[in-house]
Amino acid sequence: MRIRVVCDAGKGIKIPLNYNHYLASVIYSFLETSDPEYAYFLHTDGYLYGDKHFKLFTFSQLMARHNIEGEYIRFHSIVNWFVSSPQELFLVNFMSSLLEKRELVVHNNRLMVRDVEIQQTPIFNQEMKFRCLSPITISTKKERNHKIVTHYCLPTEPEFSELVRQNLIKKYEIIYDQRPANDSFTMIFDEEYIKKHGGRVTKLIRYRDIDIRGVLCPFLAIGSKELMCVGYECGFGDKNSAGFGMVDIVYR
């Protein structure tokens, strides 16, 4: 399930370009107000799968008319923000505090909440086209200069799709406590879109003191409807709780 938060920016707000961690802080603040124990669990551990920690939620970038001013971005008029999770407890706690406070405080800027809409869950098919509401990132470990470092995959790298598939399967198993009947999944990035943008379809976002590279490009997904639903609700790729991997369906 996902919700759309509609906010009024008044005469405009100005926040740093790298604002993902401010939005994550807003979410955890709302959760802590409603259920401190749940907020602590989610923030410190989350849902374990082996040595991996999953939070099972994601959120979009702020969507509004805007201007870039050096290291800052200025938003105007109405701002839309999407938050999504398959966990009812998460959304109940988040919405409870949101509706009570009726405002978001982002880097000392107050956004008044005009409306909160529960989005209808779409019907998924074995072939779907998606567009990114936030960058999709997937990482692996590689050796570089005799050191093991984090490598953020590019859309041209063949392992991108397979790593996303494996990530979706883990999320599915956490949510449903079983493996999906169909675990096939392939994502194909829109080559025309990539050509149109001169191959520049990645975005580097600094999350606190970490640089994370993600992909902003429409893609075709083929395979398991169950895994597509998990990706839609939890986010595709990793670092979803930092504001990565949220998508929307492109209806033909």
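The values are calculated or read from the model by the stated rules, or taken from the named source; none is laboratory data. Computed from a predicted model, the values in this text were never measured in an experiment. Cβ atoms come from the backbone with ideal geometry, glycine included; neighbour counts cover every protein chain shown. Ligands, DNA and RNA are excluded from the accessible area calculation, which covers all protein heavy atoms including side chains. Shrake-Rupley method; radii C 1.70, N 1.55, O 1.52, S 1.80 Å.
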Positive end of the charge dipole of the chain (Lys, Arg +1 and Asp, Glu -1 on Cβ, about the Cα centre): tell me which of VAL83, LEU227, GLN166 has its Cα farthest that way.
-> VAL83
If you bin every alpha carbon distance in the chain into 10 Å steps from zero, what whole percent lands in each bin?
-> 7, 30, 37, 22, 4, 0
About its Cα centre, segment 89-191 carries a charge dipole, from +1 on Lys and Arg Cβ atoms and -1 on Asp and Glu Cβ atoms, whose size in debye to the nearest 20 is 420
Rounded to the nearest 20 Debye, what is the dipole magnitude of the chain about its Cα centre when Lys and Arg each give +1 and Asp and Glu each give -1 at the C-beta?
-> 860
To the nearest 10 square angstrom, how much accessible area does SER34 have with a 1.4 angstrom probe?
-> 40
Which net charge results for the neighbourhood of GLY50, defined as the other residues with beta-carbon distances under 12 angstrom from its beta-carbon, given Lys and Arg at +1 and Asp and Glu at -1?
-> 0
Order the following by accessible area, largest value first: MET246, MET63. Probe radius 1.4 Å; ligands, DNA and RNA are ignored.
-> MET63, MET246
Residue by residue through segment 206-217, which ³J(HN,Hα) values in whole Hz follow from phi under the Karplus form 6.51 cos²θ - 1.76 cosθ + 1.60 (θ = phi - 60°), with glycine and proline marked x?
-> 8, 9, 6, 10, 10, 8, 10, 9, x, 10, 10, 7
What net charge do the residues around THR121 carry, taking every other residue with its C-beta under 14 Å from that of THR121, with Lys and Arg at +1 and Asp and Glu at -1?
-> -2
Counting only C-alpha contacts under 8 Å and six or more residues apart, can you give the relative contact order of segment 97-252 as a whole percent?
-> 32
Too-long pairs where the Cα-Cα distance tops 25 Å, listed order kept, from LYS129/LYS170; LYS129/LYS171; LYS11/LYS101; LYS101/LYS129 | LYS101/LYS129
Under 5 Å between amide H atoms, partner at least 5 residues away or on a different chain: which partners does ASP238 have, H built in plane at 1.01 Å?
-> THR137, ILE138, SER139
Choice from SER241, SER161, SER134 showing the highest fluctuation, given a GNM over the chain with Cα pairs closer than 10 Å = SER161
What value, in deg cm²/dmol to 500, does the helix sum -39500 (n - 2.57) over DSSP H runs of n ≥ 4 give at 222 nm once divided by the residues of the chain?
-> -9000 deg cm²/dmol
Cα centre as origin, Lys/Arg/Asp/Glu Cβ charges: segment 149-233 dipole, Debye | 320
So how many Å³ per residue does the convex hull of the Cα atoms of segment 123-224 work out to?
-> 144
ALA39: net charge of surrounding residues, Cβ under 13 Å, Lys/Arg +1, Asp/Glu -1, itself excluded?
-> -3
Top positive-direction residue, dipole computed over segment 20-155 with Cβ charges, set LEU133, TYR28, HIS146 = HIS146
Using bins 5 angstrom wide from zero, how does P(r) for segment 43-174 break down, in % of all Cα pairs?
-> 2, 6, 11, 17, 18, 16, 14, 11, 4, 1, 0
What list of ³J(HN,Hα) values in whole Hz, one per residue of segment 131-136 in order, does the Karplus curve 6.51 cos²θ - 1.76 cosθ + 1.60 (θ = phi - 60°) give from phi, with Gly and Pro shown as x?
-> 10, 8, 9, 7, x, 9
SER29 versus TYR207, label points 7 Å from Cα toward the beta carbon: distance in nm?
-> 2.0
